[in-house]
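Working notes, beginning with the structure itself.
No lab work stands behind these numbers, since they all come straight from the coordinates. Since this is a predicted model, take the numbers as computed values, not measurements. Note that we place each Cβ from the backbone using ideal geometry, even for glycine, and neighbour counts take in every protein chain shown.
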Amino acid sequence: MEEPRIGVFICHCGINIGAYVKVPDLVDYVQELPNVVYSERNLFTCSEEGVSAIKKAIKEHDLNRVVVASCTPRTHETLFRAACEEAGLNKYLFEFVNIRDQCSWVHMKEPEKATEKAGDLIRMGIAKARLLQPLEEIEIKVAPSAMVIGGGVVGMEAALNLAKQDFDVHLVEKEPELGGTLRSINMLFQTNQEAAKLVKTLAEQVKSHPRIKTHLSSKIKQVTGFIGNFEVKLDNKAGESEFSVGTIIVAVGAESLKPEGQYGYGKLANVVTQLELEEKMKKGEPAGQNVVMINCVGARVPERTYCSRICCMTAIKNASLIKEANPKAKVWVLHRDLMTYGVDFENHYRRAMELGVRFIRYSLDRPPEVIGEKKVEKLKVYHELWRREIELPCDTLVLTTPLIPSEDNKDISRMLKVSMDEFGFLLEAHLKLRPVEFAMDGVYICGSVRWPTDVTEGVSQAYAAAAKAAGPLRMGYVKAEAINAAVDEEACSGCGVCELLCSFQAIELQPKGDKRVSHVNEALCKGCGTCSAACPSGAISMHHFTDEQILAQVEALFS
């Protein structure tokens, strides 16, 4: 192995690091460490100036290893790796040391100790860098087609976007017709456009597009494979069908909660949900002269602690429509708080008040009380602002309920190996950095399957997910991350522990001579290290995180 020539670049990160860590002292310190031939500091290493400094130093000082001590690899490791590649250095000969999140931010009141700890972390990074080896990524061919799961407005928009880019799309919908929940909606917020017209227009475009194959009344039975090579099995009326796709978009949406037993729902004749009210209004049925709406029914409670975001605006929209249709009608909205995020939503809230809609705050400790035996006749509610109990006449009681995760999410999570949160919504890889991607490569997400979303946001996410899904299809190939597991077949005992523990199903036992040994599918492996840690015979090692490299870091810490 060639003699390591290490360059170290330490970032001030503005004041995030520089205000608490003595960066100039660190630059002088690391210059004295073995194999370090160059060190410098930058105000912002991630800036164009900082990246150019790395590329320049690699060439001028003949560096064959690079260490950057700055913020977090989650946001900037890709940038620095790319800089190394552009300068002619294998990107896996780069080591990232986090001295912001793991040092300066947690030791803001201890600058001396923060500087000492930063020195320890950088020394450990350099120790690992000495043992880094160049790694090569494998290329995976990508089938030039995609699957969109969910035939609601968001799913149809995603499918059309991909089809217009000349990619074949399989649109899978479990219902016998397209449109999803929007089929039951009366008017769209904020334009007051008829939802049925939007659904009809999109459905016709989908059905007539030559690139889109629609699978109605279909349920996904199995998905196997990896990015570029997903094998899908469907169950439908015609039996079972199979096809291959390169990428997948999940847009199954969410469901509206039915609050059985709450405020007389399911027992009293004139108690409906907002979705059921929409259906009545769509048919032209009058809502009544005295309409009371109760928000947060089934939301922001111990069994469902989240706010569904769009419920308040749904109530405001329907209350306004009732007043516009019948100015003499009395409409009250009982709420705990109002979620009217954004200027447009706030303006609609103000307009609703101008139309005569009355908003009354109640508390969870003293919820509204329904009075009536066969139907709701009136409601008692403690007015938080007036500080007294009032009675409201009621012809129709409308319960504003949250969107809840679809039951299909569990099956999707299992088949696609993607995560769910504690409520049952599917989790994106990162809320800010990868908002429409899953941790599983080649699988993307949009709409209310990830969190309650209105139509405008959902369509925006559909375009974003389609753009991401189209990238690998257009390239025709993807490169798999080279940080993955490697098996020493001679040492492997074939016990199967690694196969059992692998969350990504990237390991399977295969016959080799007179025994079975573990085999790693590099396209599926995420380099998590679970198999290596669990292997009783020590037959599995991790590229870029070998035992030697990790032990070198430990020794450097105590040196």
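Miscellaneous remarks
- Separation of segment 268-297 and segment 361-397, taken as the distance between their Cα centroids, equals 16 angstrom.
- Between 0 and 90 degrees, the angle of helix 73-86 with respect to the longest Cα principal axis of the chain falls at about 50 degrees.
- Burial ordering of E428, E324, fewest other beta-carbon atoms within 10 Å first: E324, E428
- Candidates L379, V169, T314 compared by Cα position along the dipole of the chain: farthest toward the positive end lies L379, with charges placed on Cβ.
- Of the GluC sites (Glu not before Pro) in segment 277-322, those whose Cβ has at most 10 other Cβ within 10 Å and which sit in DSSP loop: E303
- Stretch gain in nm, segment M420-E373, where the contour uses 0.36 nm per residue and the Cα spacing is subtracted: 12.8 nm
- Cα-based reach from K174 at 15 Å (exclusive), listing aspartates and glutamates while leaving out same-chain residues under 8 positions away: D235, E240, E255, E407, D408, D411
- Paramagnetic reach from D488 in segment 514-545 [backbone N under 15 Å; point 7 Å along Cα→Cβ]: 518, 532-543
- Between E40 and R434, the C-beta separation translates, for a Förster distance of 35 Å, into a calculated FRET efficiency of about 0.65.
- Annotation: the antiparallel percentage among DSSP beta bridges lying fully within segment 289-395 is about 55.
- Taking other C-beta atoms within 10 Å as the exposure proxy, C528, C296, C446 rank C528, C296, C446 from fewest upward.
- Rg(Cα)/(2.2 N^0.38 Å) for the chain, N = residue count: 1.20
- Taken about its Cα centre, segment 289-395 carries a charge dipole of about 80 debye when Lys and Arg each add +1 at the Cβ and Asp and Glu each add -1 at the Cβ.
- By the count of neighbouring beta-carbon atoms within 10 Å, fewest first, T75, T45, T453 end up ordered T75, T453, T45.
- Cβ-placed point charges (K, R +1; D, E -1), dipole of segment 6-135 about Cα centre in debye, nearest 20: 280
- Here segment 215-374 carries DSSP beta bridges of which approximately 65% are antiparallel, counting only pairs with both residues inside.
- A simple count of charges around N484, restricted to other residues whose Cβ falls under 14 Å of its Cβ and scoring Lys, Arg +1 and Asp, Glu -1, yields -3.
- Shown in residue order for segment 316-327 are the 3J(HN,Hα) couplings computed by the Karplus curve 6.51 cos²θ - 1.76 cosθ + 1.60 at θ = phi - 60°: 5, 4, 5, 4, 5, 5, 5, 5, 5, 6, 9, x Hz (x for Gly and Pro).
- Alpha-carbon centroids, segment 214-263 and segment 28-90: separation in whole Å: 45
- Karplus-derived 3J(HN,Hα) values for segment 203-212, using 6.51 cos²θ - 1.76 cosθ + 1.60 with θ = phi - 60°, are 4, 5, 5, 5, 5, 8, 7, x, 8, 10 Hz; glycine and proline are entered as x.
- Cβ-Cβ FRET estimate between E260 and E136, R0 fixed at 45 Å, reported to 0.05: 0.20
- 19 Å Cα-Cα threshold exceeded, pairs from K267/K378; K141/K417; K22/K113: K141/K417
- Helix 343-355 axis, angle to the chain major axis (alpha carbon atoms, nearest 10°): 10
- Applying D = kT/(6 pi eta Rh) to segment 289-395, where Rh is the Kirkwood radius over alpha-carbon pairs, T corresponds to 25 °C and eta to 0.890 mPa s, the Stokes-Einstein value obtained is 170 µm²/s.
- With R₀ set to 45 Å, the beta-carbon distance separating N347 from K59 gives a calculated FRET efficiency near 0.20.
- Given charges at beta-carbon only (K, R positive; D, E negative), |dipole| of the chain in Debye: 2220
- In Å, descending, principal axis extents of the Cα set of segment 6-135: 41, 29, 23
- Antiparallel DSSP beta bridges within the chain, percent to nearest 5: 45
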